[in-house]
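Read the structure below first, then the notes.
The values are calculated or read from the model by the stated rules, or taken from the named source; none is laboratory data. Since we're looking at a predicted model, the values are computed, not measured. As a convention, Cβ positions derive from the backbone with ideal geometry for all residues, glycine included, and neighbour counts pool all protein chains shown. The accessibility values were calculated without ligands, DNA or RNA, using every heavy atom of the protein model including side chains. Shrake-Rupley method; radii C 1.70, N 1.55, O 1.52, S 1.80 Å.
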Amino acid sequence: MTTAEEILIDPVLERVRTGIEAFDDLVMGGLPRGRTTIVGGTPGSGKTVFATQFLAHGITVLDEPGVFVTFEESPVEIEVNMASFGWDIRRWREMNKLVFVDASPRDHDQMIIGNFDLSGLLTRVLHAARQAAAKRIVLDSVTQLFDHFVAEQTSVRRELLRTATALKRDGLTVLMTAERNSEYGEISRHRIEEFVADNVVILRNALDRERRRRTIEVLKMRGSRHVEGEVPITLVVKQGIVAVPLSSLRLEQQSSTKRVTSGNPELDRMCGGGFFRDSVTLVSGATGTGKTLLVTNFLAGGAAAGERALLVGYEESRGQLFRNARGWGVDFEAMEADGRLKVVCIYPEAQNLPDHLLMIRELVEEFNPDRIAIDSLSALERIAPETGFREFLISLTSFIKKHEIAGLCTATNKSLVGGQSASEQHISTLTDSIILLRYIQEGDFMHRGIMVLKMRGSEHDKQIRRFTIDGAGMHLGQPFDGAPDVFGDSAASSA
Amino acid sequence: MSVSDRSNPGANGLLRLYVAGDGPGARRALESRLRIVEELAGGIEIQVVDVLAHPEEAERAGILATPTLSDESTTPPRRLIGDISNITQVLDYFGYRKKDSGYDHS
């Protein structure tokens, strides 16, 4: 006789957007409405931020009020702690868009004998939900509830399940945070996820080569699909959690056949008519081979063609870059004054990789450039653990292509002759084109050589050409006669 | 078990009993309440708060579990959660003495 009372499960679960865009993509649009999601994480992994953001998005964007049940910090502490993310919790409370249930520890003596239930808690939550006409409920963190009734784990489990069921019956979307002891151990203390959760999300804040690496992972989504694996996240002032998607998940960017100039007509010819508009080119070479000159040409060529160009510099200061350009006959000041160029220089160490990526994304969205140069990736590489750097490159290149911007990145070889940089190895499969700049010894002379190693979707000059640099920039000369080894260590190979 | 004396029990001590609705647990607690009041013969008053009817009272007092017998006149408040049918134990916990100070009751 209970079939009619069973909760109807819609074949297509309605989604509740969390406001963390890239996360919503991972879970096919948001958390399923009317379900319970556990967000597990070690202390400091961002559980409360995630939970608050979930409520904030409902309140400020979708007109879905919320209830915040806090077992840990007091409502005032949460107000203060979350203010830096731009969330005006006090105002929401005044507008009755957010109602707190304050279950934070209060000073009292307590003794437990025999059976009890948590009707007090459930009633308070339901009352708060009615007051606010809430659609979203946060319980932060349920681990604290277990600690509160430390000798009564079985009762708490039973009561938590009863609470979750009652909230579900009212169509409320519930997010419970739970504490974890380690980044890659059991999912949560007290194994809360086993009995109460439809969905499980893990926040991590792992130490990787002396650097913190924050990620989010969807572990389980009952009855629906989700994207697997850890995705880097970062905490941003005035925004909250920002997930940095591996956009390679969606290879939606189309390839255009429109060519743009590299800024050097001779190099354009070598490339079969210039770079493609929505492609990323890697320029690789040892220090002093002319990478920054190619970048300067690239920017100047864009500006001359009426485009807007953005340069993100990680190696040299603005002053140095402007002086270099002037030395090759390019006036960055005038280009900036015309609004054709924007130069941003920052130390790689100033922030971590996801923040660098966000900064570049914000610059692109703000300045709306037609081309972007990044000089150099190798400088960024030194601040990042290997996995993080690869994710960064994937995100960066797919972002550049998605915006149909022509991108030019540089990578510095460690050795002066030949050799490969790690970023070259990482990025070579991700970039559309690779240009090598090399010192090449011929008899008693050291020449500079340039070659187009790869040009996706196009014919290109396969020769290694000499080039010289003077006050007017780069001049391509004749191909080398012999067959210089541009990959190996020339000293070693000649020995 | 030592019976600790209330420093100043007052003529009329006031406790609150938080219950949820009228399920078996609540009914048992209400029966126990009557016996306690009887036992102290007017020396104690126990207010009943049904949290289902007055959730704002539960919120104010920070009640999570029911039944909860609470003495809010002390700082910090003292709370007894669960089964309050053992009257000696209850009075002992809250520091009340039975009227005839006899330990024997059943």
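How high is the FRET efficiency between B:R35 and A:Q351 when r is their beta carbon distance and R₀ equals 56 Å, given to the nearest 0.05? Don't jump to the answer; show the numbers that get you there.
On the way: r = 67 Å, r/R0 = 1.20.
Efficiency computed from Cβ-Cβ geometry: 0.25.
Only residues of the range A:432-470 count here: report those whose backbone N is under 20 Å from the spot 7 Å along Cα→Cβ of A:R326, or say none.
Under cut-off, by backbone N: A:470.
Taking 7 Å along the Cα-to-C-beta vector as the label spot, tell me the A:R169-A:R318 distance in nanometres, rounded to one decimal.
6.4
May I ask for the distance between the Cα centers of the range B:15-94 and the range A:302-336, given as a whole number of Å?
77
Just to confirm, what accessible area per residue do you get for the range B:13-94 at 1.4 Å probe, in whole Å²? Don't skip to the answer; put the middle values down first.
Values: 3310 Å² over 82 residues.
Per residue, the range B:13-94 has an accessible area of 40 Å².
Across the range B:83-95, in residue order, what do the Karplus-derived ³J(HN,Hα) couplings come to in whole Hz, using 6.51 cos²θ - 1.76 cosθ + 1.60 with θ = phi - 60° and x for Gly and Pro?
Result, ordered by residue: 8, 10, 7, 7, 5, 4, 4, 5, 5, 4, 4, 8, x Hz.
With a sphere of radius 9 Å drawn around the Cβ of A:V280, what net charge do the other residues whose Cβ falls strictly inside it have (Lys, Arg +1; Asp, Glu -1)? Each step should come with its number before you reach the end.
On the way: positive: A:K401; negative: A:D278, A:D432.
After counting each charged neighbour, the total is -1.
If you only keep lysine pairs separated by 8 or more in sequence, or across chains, how many in the range A:259-494 come under 27 Å at the Cα atoms?
So the count of such lysine pairs works out to 14.
Quick check: at a probe of 1.4 Å, how many percent of the accessible area of the protein assembly as shown sits on carbon and sulfur atoms? Let's see the in-between values first.
Numbers: 13170 of 26550 Å².
Answer for the protein assembly as shown: carbon and sulfur cover 50 percent of the accessible area.
Just want to confirm a number: the relative contact order over the range B:13-94, from Cα pairs under 8 angstrom separated by 6+ residues, in percent.
Working: 112 pairs, mean separation 30.8, N = 82.
In percent, rounded to a whole number, it is 38.
Below 8 Å, C-alpha to C-alpha, sequence gap of six or more: please give me the relative contact order for chain A in percent. Can you show the working numbers first?
Numbers: 963 pairs, mean separation 67.2, N = 495.
Relative contact order, chain A: 14 percent.
Just to confirm, what accessible area per residue do you get for the range A:259-494 at 1.4 Å probe, in whole Å²? Mind dumping the intermediate values first?
Working: 9440 Å² over 236 residues.
For the range A:259-494, the solvent-accessible area averages 40 Å² per residue.
Which FRET efficiency, nearest 0.05, do A:V150 and A:T60 yield, Cβ-Cβ r, R0 35 Å?
Working: r = 38 Å, r/R0 = 1.07.
It comes out at approximately 0.40.
Report the FRET efficiency, 1/(1 + (r/R0)^6), for A:N81 and B:S73, where r is their Cβ-Cβ distance and R0 is 35 Å, rounded to 0.05.
Numbers: r = 34 Å, r/R0 = 0.96.
According to the calculation, E is roughly 0.55.
What longest region of chain A stays clear of trypsin sites (Lys or Arg not before Pro) that DSSP places outside H, G, I, E and B and that have at most 14 other Cβ atoms within 10 Å?
On the way: sites that count: A:R106, A:R209, A:R222, A:R225, A:K238, A:R250, A:K258, A:R382, A:K414, A:R456, A:K462.
So the longest stretch without any such site is A:259-381.
What relative contact order, as a whole-number percentage, does the range A:259-494 give when Cα pairs under 8 Å and 6 or more residues apart are counted? List each step's numbers first, then the result.
On the way: 467 pairs, mean separation 62.3, N = 236.
For the range A:259-494, the relative contact order is 26 percent.
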